[in-house]
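To start, the structure itself, in structure tokens.
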Amino acid sequence: MLTINLFNGLVYGALLIVMCSGLALIYGLRRVVNFAHGSLYMLGAYLGYTVALQSNFWVALVVAPALMAVFGVLLDRYGFRLLQDREPLTVVLVTFGLLLVIEDMVQSVWGKSNLSVAAPEALNFSVDLFGTSVPAYRIGVIVMGAAVALGLSLWLRYSKVGLFVRAASTDPVTTAMQGVNTDALSAGVVGLGTALAGLAGVVAAPFLSLSPSMSSDVLIDSFVVVVIGGLGSLAGAFIAALLLGMVQAIGAVYLPDASVLLPFVFMVAILIWKPAGFAGSRT
């Protein structure tokens, strides 16, 4: 029982890595706390569902994040860029309003019923893990989370664009003075962050049911991860996502009645120890 719960915690942690990477990237560059990020995850899941019905899961895994990336660029141009220097309360209200708009749009297009996406045939089998049978698809989710974490880390550390992103997240004015088009850079990063949210939604669809409430379910955990990891810190988000997945898995076994509260208890404990989170504001 504990083994399967720890495995599921690792799966959920890998999913949160993909989800929270986008949230951390957007905040790191735009300094916008995006309360609509959960709805972007939901929209990506529903787009993936529609594409999968017309073709297959693998096509949906490419097409849905690509559509979300375009949506993210438009969102940055006509939303986040205008909110960058506004009061935090204004940002919260606007992004929360966007969340409600997207939720209503999803209900209008896809309805309120729970939907599901079949796992791809190539991963639709079970694997023996320490004497416990686990779905191969969930192992694939863990591999994908690790691949996203590794890919983003290498991109930020070794590519020229990654260098610009790290510089702009630390000092956007000086970076712009060096000839970097920070607006175009930010639009690209918001597009990438939105695509990652959409990717997380598509990947989650085969083992989590699709519903208009799925945005709020993951949004709370995502903000817990970003706060624990340190606002704007990608490395901190990776660590926090895995730890939160494990905390929830262990809590489901030993403290089932209090499992809903455990993420918040975990967050309070970490912030008492390190008020800025694991990695502060570094990217």
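The values are calculated or read from the model by the stated rules, or taken from the named source; none is laboratory data. None of these values were measured; they are calculated from a predicted model. All Cβ positions, even for glycine, are placed from backbone atoms using ideal geometry, and neighbour counts span all protein chains on display.
Which is closer than 26 Å to residue 104 by Cβ, buried (at least 24 other Cβ atoms within 10 Å of the Cβ) and touching a strand residue (DSSP E or B) at 6+ places or on another chain (Cβ under 7 Å), of 64, 60, 36, 45?
45
Screening residue 51 against (1) surrounded by fewer than 24 Cβ atoms within 10 Å (Cβ to Cβ); (2) touching a strand residue (DSSP E or B) at 6+ places or on another chain (Cβ under 6 Å) leaves a single unmet condition, (2). Residue 53 meets all of the listed conditions (1) touching a residue at least 24 places away in the same chain (Cβ under 8 Å); (2) more than 16 Å from residue 244 (Cα to Cα) but one, namely (1). Selection of first residues in segment 111-123 that are surrounded by 11 or more Cβ atoms within 10 Å (Cβ to Cβ) and of second residues that are modelled with pLDDT under 90 and of a type in the set (A, V, I, L, M, F, W, C), restricted to Cβ pairs under 8 Å at least 6 apart or on distinct chains, gives the following pairs, ordered by first then second residue: 119/207. Restricting the first member to segment 252-270 and to residues that are in a helix (DSSP H, G or I), and the second to residues that are acidic (Asp, Glu), the beta-carbon pairs closer than 8 Å and six or more apart or on different chains are 263/221.
Just one of the listed residues (10, 16, 23) is out of contact with any Asp or Glu (no Cβ under 9 Å at 6 or more places or on another chain) and either crowded, with 24+ Cβ neighbours inside 10 Å or not aliphatic (A, V, I, L, M) (or both), namely 23.
Going by what's in this entry, would residue 192 be described as closer than 26 Å to residue 4 by Cβ, at pLDDT 80 or above and under 16 Å from the mean Cα position of the chain (by Cα)?
Numbers: closer than 26 Å to residue 4 by Cβ: no; at pLDDT 80 or above: yes; under 16 Å from the mean Cα position of the chain (by Cα): yes.
Answer is no for this residue.
Scanning segment 123-151 for residues that are modelled with pLDDT of 90 or more and of a type in the set (Gly, Ala, Ser) yields 136, 140, 145, 146, 147, 149, 151.
Within segment 99-106, can one find any residue that is part of a loop (DSSP other than H, G, I, E, B), surrounded by 11 or more Cβ atoms within 10 Å (Cβ to Cβ) and in contact (Cβ under 8 Å) with a residue 60 or more places away in the chain? No, the conditions are met nowhere in segment 99-106.
Considering only residues in segment 220-248 that are in a helix (DSSP H, G or I) and touching a Ser or Thr at 6+ places or on another chain (Cβ under 7 Å), the one that is farthest from residue 263 (Cα to Cα) turns out to be 234. Of all residues in segment 73-91, those that are touching a residue at least 12 places away in the same chain (Cβ under 8 Å) and either within 20 Å of residue 196 (Cβ to Cβ) or not in a loop (DSSP other than H, G, I, E, B) (or both) total 10. Take the residues in segment 124-156 that are closer than 18 Å to residue 234 by Cα and of a type in the set (Gly, Ala, Ser); name whichever of them is surrounded by the fewest Cβ atoms within 10 Å (Cβ to Cβ). Per the stated criteria, the residue is 151.
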